[in-house]
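A.B. asks: Pasting a structure here, questions to come.
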Amino acid sequence: MSGSSRDDPWYRDGLRFSCTQCGNCCTGGEGAVWFTEAEGRAMAEDLGMPHEEFLRTHARTIDGRWSLQESRTEHGFDCVFLDRTTQPGKALCRVYRSRPVQCRTWPFWDENLKSRRAWDTARRRTPCPGMDSGPLIPVEQIRIQRDRDCADNADAPW
Ligand code: SF4
């Protein structure tokens, strides 16, 4: 039986992933999309609006940390930047170029990579049709995403 550790993980042969732009990971139950001040400034610039206005209109604080706002839709609590109208059948991100680390690193979050079971649960619960499909992402790239997600979470005030 082959084991799994952080240095020699169960996904040592890589994982398949290709986003279909369904938007499922950007909606669902009430949640948080964390971002740092630098990420907030980048998104504001992307949208062509002053940083203060961006914070006032698109952000909120939860336990002292910035999160994007959500809007209640028939799909659940959509991220405020989820665009379901521009391209029929697709859910696009209005700040894709400047999206926060939390969004960039999905689905290679530490919590999803704890075990094959955790990965499968995330794929089913989201549900994310991109997980386990498409090109093989090598373990080195997965580690980089995982560690970026960890570093991002380490900035949390708790
Ligand atoms: S749920 Fe998966 S396939 Fe759908 S938008 Fe998110 S990453 Fe892409």
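A.B. asks: Return the calculated 222 nm mean residue ellipticity for the chain, to the nearest 500 deg cm²/dmol, obtained by summing -39500 (n - 2.57) across DSSP H runs with n ≥ 4 and dividing by the residue count.
C.D. replies: -9500 deg cm²/dmol
A.B. asks: Count the net charge of all other residues whose Cβ sits under 9 Å from the Cβ of W66, scoring Lys and Arg as +1 and Asp and Glu as -1.
C.D. replies: 0
A.B. asks: Once you charge only the Cβ atoms, +1 for Lys and Arg and -1 for Asp and Glu, what is the size of the charge dipole of the chain about its Cα centre, to the nearest 20 debye?
C.D. replies: The dipole magnitude comes to about 500 debye.
A.B. asks: Separate question: Run the numbers on the chain and let me know its relative contact order in percent, using alpha-carbon pairs under 8 Å that are six or more apart.
C.D. replies: Relative contact order, the chain: 34 percent.
A.B. asks: Another question, then. Return one whole number: the accessible area per residue of the chain in Å², for a 1.4 Å probe.
C.D. replies: Per residue, the chain has an accessible area of 59 Å².
A.B. asks: Can you pull the percent of the chain's accessible area that's carbon plus sulfur, 1.4 Å probe, other chains left in place?
C.D. replies: With neighbouring chains kept in place, the figure for the chain is 50 percent.
The values are calculated or read from the model by the stated rules, or taken from the named source; none is laboratory data. Here the structure is a predicted model, which is why all the values come from computation and not from measurement. A quick note on method: Cβ atoms are made from the backbone with ideal geometry, for glycine too, and the neighbour counts reach across all protein chains shown. Surface areas here come from the heavy atoms of the whole protein model, side chains and all, with no ligands, DNA or RNA. Shrake-Rupley method; radii C 1.70, N 1.55, O 1.52, S 1.80 Å.
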